[in-house]
Amino acid sequence: MATTLIKNAHTVVTMDDQRREIRRGGLYLRDRVIEQVGPTDSLPSTADRVLDLADRQIVLPGLVNTHHHFFQNLTRVVPAAQSSDLFGWLQALYPLWSNLTAEGIRLSAQLAAVELMLSGCTTASDHLYLFPNDCTLDDEIEAIQAIGLRFHASRGSMSVGQSQGGLPPDTLVESEAAILQDSQRLIEQYHDPSRYAMTRITLAPCSPFSVSPDLMRASAELARSYDVRLHTHLAETSDDVAYSLEKFGLRPGDYAASVGWLGPDVWHAHCVKLSDRAIRTFGETGTGVAHCPCSNMRLASGIAPIRALLDHGVPVGLGVDGASSNDATHLLQEARMAFLLARVRAEKATDMTAREALALATRGGAQVLGRDDIGHLAPGMAADLVTIDIDRPEFAGTHADPVAALIFCQTGRVCHSFINGQPVVSDGCVTTLEVSNLLRLHQKYGYQLAT
């Protein structure tokens, strides 16, 4: 098996149980697993591959993205959706998304993976919830497998169109029988429950305003029969809450409980408007939350109560959300926004620290996705890690605490990234595909889609 020695890091930020930060540290990898972590002089002196960081790069665990919509990078900054809240934004974009094809799914997935990997992400969960024309989740899975990102593919769905009181147009919804049949097929074909798995499947009916309670219950039953996880949007906006009260007579947290969507195998995106009682219930049941601060700001949804969620023991990870509502795909900057917004919400500078923000992006995301093999650097963990060069103008003057500077300052792209022990970013460039050709094809397709 191939070995890799990464040595002479300025600091290795392990995020392990002791939260060790190892000055002049390094790692020794064997195949896809971390074998040793420690000071450079305690590691083997050579390996099949050696990367010397010359005391100028920080090593982090690979970041974990818990909520995304890859296809949306085809429709960034659409004028009709620039000044809309969630429901208006969706209604402006549904007509464009109805023209998506399998080619668009593949191109957008790989472009999203490029952006994520350059921003430090090594594991991502994507929520694909519409399948017009010839689109399938297979298109996305195969595209991501080719680029090398560790991937949780969420089989989303919409079954309640406008004629039934839902938000999406009827042309974008599917029958519930077809949704469940395809969900079972995808689990059986692609889901890998083993340690260090590169592909896992999640069942993810889209939202309370686009699927029925029956589909929520049936999806939960199907997922649990195969031991796969559940994901949806919940309590994102005030309109979202109003819809739940009008249609179900329940606030979003109570609605989730009524359809069996609480527990350590479930995580909900946003939860900006989650009630205090629901926060306590989430903590008691181990139900997770994907915090998407930039999207919540962009759509004027509000600020999620992250401090309260953490204080009640709720698993919390970060999500960049779709690139039509962010409109960036930079996971480390999402951590920075989470850090800043927590302080703004509380009006207290002590409400979140830089290292707590890093924990959301690493260990928190791993917990939300139900993984004990990623999210920190220790022997036996997956060899997922990134390096960031701190010998750059944006980090000038940060010598007192360069680890905190990764959050306080404006971090650009990573220098190196390893996923499953394989180098996918080297010297700031993606190594697993030709980015310029992908970008050319993506731009051509996106232009045709928008016009």
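The values are calculated or read from the model by the stated rules, or taken from the named source; none is laboratory data. Keep in mind the model is a prediction, meaning the values are calculated, not measured. With ideal geometry, Cβ positions are generated from the backbone for all residues, glycine too; neighbour counts draw on all protein chains shown. Accessible surface is based on the protein model in full, side chains and every heavy atom, while ligands, DNA and RNA are left aside. Shrake-Rupley method; radii C 1.70, N 1.55, O 1.52, S 1.80 Å.
Overview of results
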quantity: Gap separating the Cα centres of the range 372-397 and the range 1-76, nearest whole Å; calculated: 5 Å
quantity: Within the range 168-259: Cβ-based charge dipole about Cα centre, in debye rounded to nearest 20 (Lys, Arg +1; Asp, Glu -1); calculated: 380 debye
quantity: Segment Ser225-Met1, extension gain: residue separation times 0.36 nm, minus the distance between their alpha carbons; calculated: 77.0 nm
quantity: Karplus-derived 3J(HN,Hα), 6.51/-1.76/1.60, for each residue of the range 36-41, Hz, glycine and proline x; calculated: 9, 9, x, x, 4, 6
quantity: Reachable aspartates and glutamates from Lys247, criterion Cα separation under 14 angstrom, eight or more residues apart if same chain; calculated: Asp214, Asp239
quantity: Solvent exposure ordering (accessible area, 1.4 Å, most first) of Met297, Met337, Met1, Met216; calculated: Met1, Met297, Met337, Met216
quantity: Cα-centre dipole for the chain with unit charges at Cβ (Lys and Arg positive, Asp and Glu negative), debye to 20; calculated: 760 debye
quantity: Listed peptides 242-250, 255-263 by packing density, highest first (mean Cβ within 10 Å); calculated: 255-263, 242-250
quantity: Potential extension, Ala177-Asp214 segment - 0.36 nm per residue separation minus Cα distance; calculated: 12.2 nm
quantity: Shape of the range 369-451, Cα gyration tensor, a/c cut at 1.5; calculated: oblate
quantity: Percent accessible area from carbon and sulfur atoms, the range 84-243, protein chains only, probe 1.4 Å; calculated: 48 percent
quantity: J(HN,Hα) series, the range 188-199, from Karplus relation 6.51 cos²θ - 1.76 cosθ + 1.60, nearest Hz, glycine and proline x; calculated: 5, 8, 10, 5, 10, x, 6, 4, 6, 4, 8, 9
quantity: FRET efficiency, Ser238 to Gln443 (Cβ-Cβ, R0 51 Å, nearest 0.05); calculated: 0.90
quantity: In Å², nearest 10: area of His330 left accessible to a 1.4 Å probe; calculated: 40 Å²
quantity: Nearest 10 degrees, 0 to 90: helix 276-285 Cα axis against the chain principal axis; calculated: 60 degrees
quantity: Accessible area (Å², per residue) of the chain, counting only protein heavy atoms and a probe of 1.4 Å; calculated: 36 Å²
quantity: Loop sites in the range 352-451: GluC sites (Glu not before Pro), DSSP, at most 12 other Cβ within 10 Å; calculated: Glu434
quantity: Positive-end residue, the chain charge dipole about Cα centroid, Cβ charges, pick of Met198, Phe209, Asn296; calculated: Asn296
quantity: Spacing of the two label points (7 Å from each Cα toward its C-beta) at Asp391 and Glu246, in nm; calculated: 6.0 nm
quantity: Accessible area of the range 284-437 belonging to carbon and sulfur atoms, whole % at 1.4 Å probe; calculated: 54 percent
quantity: Amide H within-cut-off set for Thr3, under 5 Å, with H built and near neighbours excluded; calculated: Asp31, Asp48, Arg49
quantity: His399-Ala54 FRET efficiency (beta carbon distance; Förster radius 22 Å; 0.05 resolution); calculated: 0.85
quantity: In sequence order, calculated HN-Hα J values of the range 363-369 (Karplus, 6.51, -1.76, 1.60; Hz; x Gly/Pro); calculated: 4, x, x, 4, 5, 4, 7
quantity: Two-site FRET efficiency, Glu21 against Asp427, from Cβ-Cβ distance with R₀ of 35 Å, rounded to 0.05; calculated: 0.90
quantity: Length gained when the stretch Thr350-Ser258 is fully extended (0.36 nm per residue, less Cα-Cα span); calculated: 29.5 nm
